Amino acid sequence: MTQESEDLDALVRKRIRGLRVAAGWSLDELAARCYLSPSTLSRIETGHRRIGLDQLTAIARALGTTLDQLVETATDDDVIIRPRHDAVRGATMWALNRDPGVTVVKMRITKPAPTGTAALKAHPGRDWFTVLSGTVVLLLGDRRILVETDQAAEFSTMTPHAFGAHGGPAEVLGVFDHEGQRTHFRSPD
């Protein structure tokens, strides 16, 4: 076994124990949930037994996580968040989490809201954002709503919508479901 695989093995074992303890479960409780004996689970956590893929899958499921999350390597890539600038949209975005179901994004918006209803888009889901600085114009159907610093907005994305900066750059923190994330952050046409 290489040093890298030994490090990952130790990390996985620490994650299993850490998730079990965080859930408030004893060895017996987790063992029952993943259909292992408590002694097998203890030996897995302490490194006295190799972990079989079938055991790892059952443990991950019982802990409410995925196999990928349990075995992902620890690198700076999961810590450092690099901005992505979209000149066409006038926004710089930082994705603040890596959950595929929900995306939290900090955006700096520099372009004003589009004019005309052709620029409004609708898609399944809900959007939520709070303005950290500046003012954002939210076009929501036929409404024009100013959302100022320390205010938030939440709306159904089935209503045609768009947003932009008002009177200068604005920074927002947004929460988007999968559909909203896919629509708002795909490459421009």
Scope region 116-170; condition surrounded by 17 or more Cβ atoms within 10 Å (Cβ to Cβ) and among the charged types (D, E, K, R); matching residues:
D127
Which one is farthest from V12 (Cα to Cα) among residues in region 26-65 that are of a type in the set (V, I, T) and part of a helix (DSSP H, G or I)?
T40
Contact list please: Cβ distance under 8 Å, first residue in region 12-28 and in the same structural domain as P38 (by TED's automatic domain parsing), second residue crowded, with 18+ Cβ neighbours inside 10 Å and in a loop (DSSP other than H, G, I, E, B), pairs at least six apart or on different chains.
V12/I51; R13/I51; I16/L63; L19/L63; R20/L63; A23/L63
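The values are calculated or read from the model by the stated rules, or taken from the named source; none is laboratory data. Just so you know, these numbers come straight off a predicted model, no measurement behind them. Positions of Cβ are generated from backbone atoms using ideal geometry, with glycine treated the same way; all protein chains shown enter the neighbour counts.
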